[in-house]
Amino acid sequence: MKNLKTIIGIVVVISIVVISLLAYSLQTNKTNGDSIKDPDSFISKWGKRDIVVGLDQEYPPITFRDEKGELVGFDIDLAKEAFRRIGLNPVFKPIDWSTIILSLNKKDIDVIWSGMSITDERKQQINFTEAYFKGPYIYLIKDDSAINSKDDLIGKVIGVQAGSSNEEALKIDPIASKLKSIKSYSSFQESLLDLDNGRIDAVYGDSVFAYYYINSKGFKYKTIEEQSTELGAGVGIRKADTALLEILDKTLNDMKQDGTATKISIQWFGKDMITK
């Protein structure tokens, strides 16, 4: 009888230990299943070291190829640093931009990191991190021009890239009816050439491109900034990958807070374009 009581006592103790371990495991899974902010825990859940980054390879200075054919850019540097902190190896994969969301949802790539604007339409298909940068539209004017404000543009000729969101924004702006004309170009670079040669008075464009050319090419322009109506750019992530979304948001926020993101922005644009 004494042995029976001893055995029962041992069984009870073992049962308590097992139940405790199961409770701890359930609590851990509840905490870390879709809410993983620790890199080691995330890597264990992710299950691999590589992460495939889909991008547009013709979007300087965000993501593009340099003279050696290497993929470089503002987003390349941001992604490398973010994934270094998480413990992942980014594998950059150029994708046709018109099919990039499809490629993400088909799992051909793991994220979209290429200056993708956060829009309501896209948010129906994928998730986004919080915006990490936001570039307003701006007017570029020659440094020695008498134009110093938007009102000074009245009666002037403004160049813009054909088919761009900049062109659409300018045409519906109230100032459009007060301009002498709007001249469309096949590329941003072509409009700058006409500006330099005095054939137009200003160029209206995306500040992402504009500040890159001013900073890296040494062009001498003045700028008039417009308030951006866009929500900014974020990293595109599949809706199912909630743990990846959370750890990327945390990592990007850390990079904003410690100044790393601003440093990368200044290197590419000559100014801080990081959202706070």
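With closer than 27 Å to Q125 by Cα and in contact with a helix residue (DSSP H, G or I) (Cβ under 6 Å, 6 or more places away or on another chain) as the only criterion, which of I237, I224 stands out?
I237
From (1) farther than 24 Å from S187 by Cβ; (2) of a type outside the set (A, V, I, L, M, F, W, C); (3) modelled with pLDDT of 95 or more; (4) surrounded by fewer than 17 Cβ atoms within 10 Å (Cβ to Cβ), pick out the condition that doesn't hold for D77.
Answer for D77: the failing condition is (4).
Exactly one condition in (1) out of contact with any strand residue (DSSP E or B) (no Cβ under 8 Å at 6 or more places or on another chain); (2) surrounded by 19 or more Cβ atoms within 10 Å (Cβ to Cβ) is false for Y185; which is it?
Condition (1) is where Y185 drops out.
Can you tell which of S98, S103 is over 24 Å from K45 (Cβ atoms) and among the hydroxyl-bearing types (S, T, Y)?
S98
Given the condition within 22 Å of T275 (Cβ to Cβ), surrounded by fewer than 15 Cβ atoms within 10 Å (Cβ to Cβ), free of Cβ contacts under 8 Å to residues at least 24 places away in the same chain and not basic (K, R), answer yes or no: does some residue in the stretch 100-114 qualify?
no
Looking at L244, is it crowded, with 17+ Cβ neighbours inside 10 Å and touching a strand residue (DSSP E or B) at 6+ places or on another chain (Cβ under 7 Å)?
For L244, the condition - crowded, with 17+ Cβ neighbours inside 10 Å and touching a strand residue (DSSP E or B) at 6+ places or on another chain (Cβ under 7 Å) - is met.
Filter the stretch 115-154 down to the residues that are of a type in the set (A, V, I, L, M), surrounded by fewer than 16 Cβ atoms within 10 Å (Cβ to Cβ) and under 30 Å from A243 (Cα atoms) and list them by number.
Residues satisfying the conditions do not exist here.
Take V91 and decide whether it is surrounded by 21 or more Cβ atoms within 10 Å (Cβ to Cβ) and closer than 27 Å to S44 by Cα.
Answer is no for this residue.
Restricting to the stretch 45-74, name every residue that is in contact with a Leu (Cβ under 8 Å, 6 or more places away or on another chain), modelled with pLDDT of 95 or more and not small (G, A, S).
Selection gives D50, I51, L55, L71.
Answer yes if at least one residue in the stretch 171-192 is modelled with pLDDT under 90, farther than 19 Å from I147 by Cβ, assigned to a strand (DSSP E or B) and not charged (D, E, K, R), and no otherwise.
no
The values are calculated or read from the model by the stated rules, or taken from the named source; none is laboratory data. Every value quoted in this text rests on a predicted model; they were computed, and no experiment measured them. Because the Cβ atoms are built from the backbone with ideal geometry, glycine has one as well, and the counts that use them run over all protein chains shown.
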